[in-house]
Amino acid sequence: MPTSSRLFPRNFKKTFPVASRGEGCWIIAADGRRFLDASGQAAVVSIGHGVPEIGRAMAEQSSQIAFAHTSQFHTAPAEKLAERLLAMAPPNFRNGGRVYFTSGGSESTETAIKLARQFHLESSQRDRYRVLSRRQSYHGSTLGAMSVSGNVARRAPYEPLIAEWGHIAPCFCYHCPFEKLFPQCELACADDLEVYLLEHAPEKAAAFIFEPVVGATLGAAVPPEGYAARIAEICHKNGILLIVDEVMTGMGRTGKSFAAQHWNIEPDMILVGKGIASGYAPLGAVLVSARVVAAFERGSGAFMHGFTYQAHPVCTAAGNAVLDYLESHKLFDRVVPAGNNLRDALSLLQSHSNVGDVRGLGLLCCVEFVKDKTTHEPFPRERNIAERIRQACLDERVLTYPMQGCVDGLRGDHILLAPPFTVSPEESALIARALQSALAKAFPC
């Protein structure tokens, strides 16, 4: 990192280009280099970079009222966006559901944890406080969010600070934790929730949180048919709230408004972030179902929680403008065909001896790299394959999202691809060519 910078960087051992502007799927650096944003900047950007309508909407809102604290006022853009989000949600949100706006995904997770706890207090079940989740999951970087995250590497430095409420097996068919195959496995990974509850005081469990399609940590891992429904059934039977983390998968990224809708489940809460404002403003939300809302209305009537910038009028104006753009340009309709185009382009990589899997749903895709294609054996962590692929793609001016640890928290290399919904077939082909070049550099003959 240049010593002239006063920013505290994510990594002091890297040098970062300075982004000066964006156009569609491209980011242009201050030195004039153009980068194809194949990752959507961590699966954030849906409508593309540099859409002037969004900035105009934010400026217009700012000229009217830029900030009003939610302890004293509500604002029109927040009310409007809440209504629109609930209309996109499953049926149990539409009559009596509410939306709690935050500044991003981690805040949404924190809010959901507290909502789950207070829901049970309002329901006279004071012993329920544990929020269960899965190993190899990620739900945010704040301490509460890290407590429900099961990512080994991210938890390790802060382990003394993090509560352990319980984690079950991930749903990851390519590296099945039970070494079984679907459908002969009979969804053992889902039944692991029931096993855990039988062994660990089910009366203390408040909620279960999961990503319907696992994003960064497992790399666009799509569950087998029946998994989501089984999880929902177990939660309902045991009086546990079901929280779906759609920070990465929501707002159309997988081809539905929310990924949970692929399996017709009705969760109690839906977490959103990232694509809700497409990166134009820091914004997240918790969609709260009518059943949960009713417990608060019948009970104390007050949620003991809050953020200074929740439901920020300029940020929610950005969210409305992004949703307007998605609808007017029919970008939700582009996700499935654009995702098919991208995976078709990536299919050329599957013949490579070190490409283990190409997977995904909609415009959330992954390429996983393995040492042995037959056994799915990963590379040793110290080989740092995902980072080498990222750097080689960067040399080709294509931005990807590298991750390690999908197998056991330490080993397992993949890159995540989540371009804007505007990505063209030509740009998808360019992404595939960059990866082919990167493979040649990372695995020379």
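All of the numbers you see were taken from the coordinates with simple rules; none came from a lab. Computed from a predicted model, the values in this text were never measured in an experiment. Positions of Cβ are generated from backbone atoms using ideal geometry, with glycine treated the same way; all protein chains shown enter the neighbour counts.
Odds and ends about this structure:
- Close lysine pairs were tallied over the chain: pairs 8 or more places apart or on different chains with Cα atoms under 29 Å apart number 24.
- Whole-Hz couplings from phi, Karplus 6.51/-1.76/1.60, listed for the range 146-154; x for Gly and Pro: 5, 4, 8, 7, x, 7, 4, 5, 6
- Residue (of Thr15, Cys173, Phe369) at the positive-pole extreme of the chain, dipole from beta-carbon charges: Thr15
- Charged-residue dipole, Cβ positions (Lys, Arg, Asp, Glu), the chain about Cα centre, Debye nearest 20: 800
- Using the average count of surrounding beta-carbon atoms within 10 Å as a protection proxy, the listed peptides 5-16, 100-111 rank, highest first, as 100-111, 5-16.
- Charge dipole (the chain, unit charges on Cβ, about Cα centre) - positive-most of Ala317, Pro90, Gln184: Ala317
- Order of Glu122, Glu159, Glu387 - criterion: other Cβ atoms within 10 Å of each residue's Cβ, fewest first: Glu159, Glu387, Glu122
- By average C-beta atoms within 10 angstrom, highest first, the peptides 18-27, 268-277: 268-277, 18-27
- Of all DSSP beta bridges in the range 212-319, antiparallel share, percent nearest 5: 60
- HN-Hα J in Hz across the range 50-62 - Karplus 6.51, -1.76, 1.60, θ = phi - 60°, x for Gly and Pro: x, 7, x, 4, 5, x, 5, 5, 5, 5, 4, 5, 4
- √(5λ) per eigenvalue of the Cα gyration tensor, the range 237-315, largest first, Å: 23, 21, 8
- In order through the range 206-221: 3J(HN,Hα) via Karplus (6.51 cos²θ - 1.76 cosθ + 1.60), integer Hz, x for Gly, Pro: 9, 7, 10, 10, 7, 8, x, 10, 6, x, 5, 6, 9, x, 6, 7
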